[in-house]
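Some notes on the structure that comes next.
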Amino acid sequence: MKKYYPRLIDKQLERKLHSIGCILVSGPKFCGKTTTCERFAKSETKLITTNAIRLGKADPQSCLIGEEPHLIDEWQKVPELWNLIKSDLDDDYQFGKYIITGSTTPIDTEEIQHSGAGRISKLIMRPFSLFESNESNGRVSLSGLFERPFNSSQTLSREENPFSLTDVAQLLCRGGWPMALKAQQEYAMDVTQNYYDGLFTKEDESDEFAVFLKNKNIDLLKLILKEYARNISTEAKKSSMIRDILSSGEREKLDEDTFDQYVKTLKDLFIIYDMPAWNLNLRSSVSVRSTPTHHFFDPSIALAALNIKSMDLLNDLRSMGFFFEDLAVRDLAVYCDSINATLKHYRDSNGLEVDAIVELANGDYAAIEIKIASEENIQAGISSLRRFRDNMERNNLKLPKYSMVLTSHGNCYRADDNIYIVPINCLKD
C-alpha cells in the first residue's frame with residue numbers, strides 16, 4: 001500500500017460526513033484531493049477520461065450510482081451533477097451521501113441552478129503544510145496558544161533546531177505537492193518544474209484545464225501570472241501591474257477587462273488568490289485599508305514562473321522575504337481551515353500593518369508578523385506588533401490573545417509582552 005501522509009482536512013471531512021449530505025473538496029490540481037477523499041469513499045466515479053466525461057454528459061444520473069459515501073472525482077466536467085445531487089438530497093437526505101472533488105470552478109455557472117445551501121458543504125484543500133509533510137516538529141500549536149501560554153518545553157535554541165535558511169529556500173522551490181514529496185531530494189524541484197510546465201498544456205478535453213484554456217492566449221496568461229509572482233505578498237494595484245506589463249515591451253496593449261478575465265481564470269484554476277483585509281471598524285481617525293494581498297496556493301508556482309532557484313533566493317534575501325511570507329500564509333491557511341478560523345491581513349492609513357490576523361469563530365484573534373530570521377527583522381516584527389496592540393488599546397478595542405513573529409528558522413522562544421518567536425518548522429494547527 002502506498003504511503004499516505006495524514007492531512008489536516010481529514011478530520012474536517014470526517015466531521016462533515018456526519019453533518020451534511022454532500023461535501024465539495026476543491027483545490028489546486030495534484031494537491032492530493034482524490035487520494036484523501038478515496039480514503040473516505042466506498043465507491044467512486046472518475047471523470048478523468050474523454051470517454052468518462054462523454055458518458056457522464058450523456059447520462060449524468062449514472063455518475064451517482066454506487067455505495068455511499070460515493071465519490072465523484074472532477075465533478076465540474078459534468079456541471080449538471082450539481083443540480084442532480086441537490087435534487088437527490090431533496091428526495092432522500094442522508095448524511096455523507098456524496099463527496100465531490102474539483103480542480104477548477106465550473107466554467108458555466110448557468111448550468112448550476114441552486115446554491116446547494118444545507119445540502120452541499122465546501123472545503124478548500126491546499127498543498128501540504130510543513131506539519132503535514134513531517135517537516136515541522138509541531139512544537140507550537142496555533143490554536144493551543146489561545147488557551148494556554150508558551151511553556152519552557154516549547155523553547156528551542158538554534159542548535160536544537162538545525163533547520164536552516166537553505167532548507168527554507170529548497171522548500172519554497174519544491175512546494176507542498178505530493179508528487180514532489182515522493183521524489184528524492186535532488187529531483188524534487190524538477191517534479192515541481194514539470195508540474196508548472198504542464199499547467200498550461202492542453203492534451204485533450206479530459207484535461208482539467210482544457211475548457212479554461214480554450215480561446216485563451218497562453219503567452220498572455222503566463223505573462224499575467226509572472227506579474228502576480230513579482231508582486232507576491234503585496235497589495236499591488238491592478239493599474240500598476242498592467243503598466244508594468246506594458247512597460248516590459250512584451251505586450252503593446254492590455255485593457256482592464258482582458259486583465260480581469262485572465263486573473264479570474266488563474267483564480268478559478270486555484271493558482272492565485274487574494275487574502276482579504278481585516279477590519280475592526282476602528283472608532284478613530286485611523287482609516288483601515290481594505291486592499292487584499294496577492295498570494296499563490298503554493299509559492300513554488302510563483303518561483304517556477306519566474307525561473308527562480310533556491311540559490312537565487314539565498315542571494316537576494318529581500319526578495320526571498322516576499323516568497324517566504326507566501327509560504328507562511330499557505331501553512332497558516334491550512335492551519336486556520338483546520339481550527340475553523342479566518343486568515344486576513346491588516347493595514348491602516350498610517351502605515352501600520354500586520355501580515356496575518358488569525359481570528360477564531362468566537363472573535364478571539366492573534367496578530368502575526370512574518371519575517372526572515374535575523375535579529376534586526378525579529379525586533380522590527382516585535383515593534384510592529386507592539387504598535388498594533390497599542391493602537392487597539394488606544395481605541396478601546398479588543399486586544400489580540402497573543403502575538404507572534406513567525407520566522408524562517410532559528411530559535412523558538414517567548415519574548416516579552418506575550419509575543420512568541422516561532423520558526424515555521426515548529427508550528428502546527
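Quick notes on this one:
- DSSP beta bridges in the chain [antiparallel fraction, %, rounded to 5]: 35 percent
- Cα-based shape type of the stretch 316-412, given that a ≥ b ≥ c are square roots of the gyration tensor eigenvalues and the cut on a/c is 1.5: oblate
- Measuring nothing but alpha carbons in the chain and taking Rh as the Kirkwood radius, the Rg to Rh ratio lands at 0.97.
- Rounded to the nearest 20, the Cβ-based charge dipole of the chain about its Cα centre (Lys and Arg +1, Asp and Glu -1) stands at 680 debye.
- Under 16 Å of direct C-alpha separation, and excluding same-chain neighbours fewer than eight residues apart, LYS238 reaches these aspartates and glutamates: GLU227, ASP255, GLU256, ASP257, ASP260, ASP274.
- The stretch 216-335: C-alpha gyration tensor shape, a/c 1.5 cut-off, then a/b vs b/c: oblate
- The 3J(HN,Hα) values that the Karplus relation (6.51, -1.76, 1.60; θ = phi - 60°) gives for the stretch 49-54 are, in residue order, 10, 4, 5, 4, 5, 4 Hz. Gly and Pro appear as x.
- In this structure the amide hydrogen of GLY21, modeled in the peptide plane, comes within under 5 Å of the amide hydrogens of GLY96, none closer than 5 places in sequence on its chain.
- Apportionment of accessible area to carbon and sulfur, the stretch 353-429, percent (1.4 Å): 39 percent
- Taken per residue, the accessible surface of the stretch 358-429 reaches 38 Å², heavy atoms only and a 1.4 Å probe.
- Helix-only arithmetic for the chain: the sum of -39500 (n - 2.57) across DSSP H runs with n ≥ 4, divided by the residue total, places the mean residue ellipticity at 222 nm at -11000 deg cm²/dmol.
- Annotation: lysines with alpha-carbon distance below 17 angstrom to LYS237 (same-chain offsets under eight excluded): LYS226, LYS264, LYS267.
- Peptide ranges 166-175, 260-269, 389-398, 132-141 listed from the most packed, as the mean C-beta count within 10 angstrom indicates: 166-175, 132-141, 260-269, 389-398
- With respect to the chain, whose longest principal axis is taken over its alpha-carbon atoms, helix 256-268 is tilted by about 80°.
- The stretch 225-282, accessible area per residue, ligands and nucleic acids excluded (1.4 Å, Å²): 50 Å²
- Cα gyration tensor shape of the stretch 1-101, rounded if a/c is under 1.5, else prolate or oblate by comparing a/b with b/c: oblate
- Phi to ³J(HN,Hα) by Karplus 6.51 cos²θ - 1.76 cosθ + 1.60 over the stretch 365-382, Hz, x for Gly, Pro: 8, 10, 10, 10, 9, 10, 9, 5, 5, 7, 4, 5, 5, 5, 5, 5, x, 4
- Extreme residue, positive dipole direction of the chain, given options SER152, SER349, GLY56 (C-beta unit charges): SER152
- Helix axis angle, 238-247 relative to the chain longest principal axis, alpha carbon, degrees: 90 degrees
- Rounded to 5, percent antiparallel among DSSP beta bridges of the stretch 1-105: 0 percent
- When a 1.4 Å probe is rolled over the protein heavy atoms, the share of accessible surface on the stretch 9-67 that falls to carbon and sulfur comes to 50 percent.
The values are calculated or read from the model by the stated rules, or taken from the named source; none is laboratory data. Note that this is a predicted model, so its numbers are computed, not measured. Positions of Cβ are backbone-derived with ideal geometry, glycine not excepted, and every protein chain shown enters the neighbour counts. These area figures cover heavy atoms from the full protein model, side chains too; ligands, DNA and RNA do not enter into them. Shrake-Rupley method; radii C 1.70, N 1.55, O 1.52, S 1.80 Å.
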